[in-house]
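What follows is a short report on a single structure.
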Amino acid sequence: MASAPIVLILGSGANIGAAVASRFDKLGYQVALVSRQGSDGDAPTRTPEGYLKIRADLADAEAYAGIYSSVREALGGVPSVVVFNAASLTPAAEPGNMFSVPLDGFQRDFDLSVKGAFVAAREAYRLWSSESEANDGGVKKQFIMTGNKLARSILPNPNFTTLGLAKSASAYWIGLADKLYREKGFRFFVADQRVAGGSPAGNNADAEAHAELFTRLARDPEPWPFYITFVDGTKYEKFENGSWDE
Ligand SMILES: NC(=O)c1ccc[n+]([C@@H]2O[C@H](COP(=O)([O-])OP(=O)(O)OC[C@H]3O[C@@H](n4cnc5c(N)ncnc54)[C@H](OP(=O)(O)O)[C@@H]3O)[C@@H](O)[C@H]2O)c1
């Protein structure tokens, strides 16, 4: 068992990843970050803040077992909070033609944000299930994917084809996992930030609001729906009509 709880941030850069890392650090968590750049060679390193830094391409499904074992080796346990924050999109090659998205980019975006995220959650579920059996059943676990409005609304922009596909496909399996496993104390969330009124946060994504929400989810996951639309991170704000349960 880890001496302090662990947060694993899959896809961590200067914006949302950094804010989430800092907030969890302040709460007493050990922090592990993953991105393709930023550590020398393949061995995990430490950032100046003392966070574990693992270099991996999250579009590679084979990378995840190694990531979780590096965390266990360096930090002494299994993350109780896993954040999947990486995303990619491949714009249309011809303006206005969504079917001109190159298929290698289509595949890569899917491999990162649907298959990669699924394998990240699968590994967490496997480890959480065995941890529970090893008397760690009282500690609540959360898997959080950074989402956006494309899972709830079709924006008429061919450049968002693969990003929308990934966010909406993953919202389905994350909702399913949440329904199936919440009674075990495992929650699966999508965090979809909006600006006031419900438009996508887009270029105005607020890293601190994400950090606020994610730490609230870790402290008390129970009251939240699996698909969380939010503005400042302090509360669920319902923007769309209808529910996933209809
Ligand atoms: N609600 C909204 O409207 C909204 C708006 C903007 C963003 N978002 C979501 O927020 C998330 C990103 O936010 P951000 O840019 O602020 O986060 P960030 O923490 O600043 O950066 C994310 C990091 O993910 C890493 N990454 C990307 N692809 C990867 C891969 N294949 N393997 C490993 N690491 C990878 C990148 O680092 P490397 O390049 O070093 O790998 C990047 O620095 C995305 O999920 C995005 O869809 C939502």
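Structure above, values below:
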{"quantity": "Count - residues of region 172-208 that are of a type in the set (G, A, S), within 12 Å of the ligand (Cβ to nearest atom) and buried (at least 17 other Cβ atoms within 10 Å of the Cβ)", "calculated": "3"}
{"quantity": "Matching option when the condition is in contact (Cβ under 8 Å) with a residue 60 or more places away in the chain, away from the ligand (no atom under 13 Å from the Cβ), on the phi < 0 side of the Ramachandran plot and assigned to a loop (DSSP other than H, G, I, E, B), among P48, P79", "calculated": "P79"}
{"quantity": "Yes/no for T162 being buried (at least 17 other Cβ atoms within 10 Å of the Cβ), part of a helix (DSSP H, G or I) and more than 11 Å from the ligand (Cβ to nearest atom)", "calculated": "yes"}
{"quantity": "Residue that is modelled with the lowest pLDDT [pool: residues in region 40-68 that are surrounded by fewer than 12 Cβ atoms within 10 Å (Cβ to Cβ) and either of a type in the set (V, I, T) or over 26 Å from A19 (Cβ atoms) (or both)]", "calculated": "G41"}
{"quantity": "All positions within region 209-238 that are touching an Asp or Glu at 6+ places or on another chain (Cβ under 9 Å) and either of a type outside the set (S, T, Y) or over 22 Å from S168 (Cβ atoms) (or both)", "calculated": "A209, E212, L213, P225, F226, I228, F230, V231, D232, G233, T234"}
{"quantity": "Any hit, region 31-38, residues being farther than 25 Å from G138 by Cβ and modelled with pLDDT under 95", "calculated": "yes"}
{"quantity": "Any chance V119 is at pLDDT 95 or above, part of a strand (DSSP E or B) and not hydroxyl-bearing (S, T, Y)", "calculated": "no"}
{"quantity": "Candidates E237, E208, E212, E183 - the one that is outside any strand (DSSP E or B) and in contact with a strand residue (DSSP E or B) (Cβ under 6 Å, 6 or more places away or on another chain)", "calculated": "E237"}
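Every residue, every condition in (1) in a helix (DSSP H, G or I); (2) among the polar types (S, T, N, Q); (3) without any contact (Cβ under 8 Å) to a residue 60 or more places away in the chain, yes or no:
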{"residue": "A14", "(1), (2), (3)": "no, no, yes"}
{"residue": "A21", "(1), (2), (3)": "yes, no, yes"}
{"residue": "F24", "(1), (2), (3)": "yes, no, no"}
{"residue": "G28", "(1), (2), (3)": "no, no, yes"}
{"residue": "V31", "(1), (2), (3)": "no, no, yes"}
{"residue": "V34", "(1), (2), (3)": "no, no, yes"}
{"residue": "K53", "(1), (2), (3)": "no, no, yes"}
{"residue": "D57", "(1), (2), (3)": "no, no, yes"}
{"residue": "S69", "(1), (2), (3)": "yes, yes, yes"}
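The values are calculated or read from the model by the stated rules, or taken from the named source; none is laboratory data. Remember, predicted model here, so these are calculated numbers, not experimental data. Because the Cβ atoms are built from the backbone with ideal geometry, glycine has one as well, and the counts that use them run over all protein chains shown.
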